[in-house]
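These notes concern the structure reproduced below.
Just so it is clear, none of the values below were taken in a lab; they were calculated from the coordinates. Worth saying up front: this structure is predicted, and the values here are computed from it rather than measured. Heads up, the Cβs are rebuilt from the backbone with ideal geometry, glycines too, and the neighbour counts pull from every protein chain shown.
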Amino acid sequence: MNTICIMCPMGCALNIEEHDGKVVVSGNTCKRGELYGVQEFTHPKRAITTLVKTADGSVVSVKTSALVPKERIFEVVGKIHELDVRPDAKIGDVLAKDLLGLGVDVIVTGTAKSGVPR
């Protein structure tokens, strides 16, 4: 498997293979790249950021507090968009704790803006 490491701005080209039951990562220039490669090969996860509508129709940006299994991204985003968000939500407010039992919270990362981006 070939991929680009996203753990730092270097963007190392990783080659990830399994040899005798062990995941072997090459192309990384640091330990973070090796750890990322192993995770990407065995169970990829992603941080989720999105915009949600507030009760008055404005939008606010949110993110997950931790990485989410890649196969659950659409389920998580769907649940985030069902949240009841107050227009006065502030940066750092926790909108949901332990979303879907994944151990991640949904946190406000921006202030409400009028109108929905297209």
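Listed values, structure above:
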{"quantity": "Mean Cα-pair separation over length for the chain, i.e. relative contact order, pairs under 8 Å, 6 or more apart, %", "calculated": "20"}
{"quantity": "Highest-MSF residue in the chain out of 91, 107, 80 [GNM, Cα springs under 10 Å]", "calculated": "91"}
{"quantity": "Loop trypsin sites (Lys or Arg not before Pro), segment 34-98 (other Cβ atoms within 10 Å of the site Cβ: 13 or fewer; DSSP)", "calculated": "90, 97"}
{"quantity": "Computed over segment 6-52: relative contact order in percent, which uses C-alpha pairs under 8 Å that are six or more apart", "calculated": "29"}
{"quantity": "Residue pairs, from the table 22/45; 22/63; 45/97; 31/53, whose Cα atoms sit over 30 Å apart", "calculated": "22/63; 31/53"}
{"quantity": "Least to most buried among 82, 17, 40 (fewest other Cβ within 10 Å first)", "calculated": "82, 17, 40"}
{"quantity": "Taking segment 49-108 and dividing mean pair separation by its residue count, relative contact order in percent (alpha carbons under 8 Å, at least six apart)", "calculated": "38"}
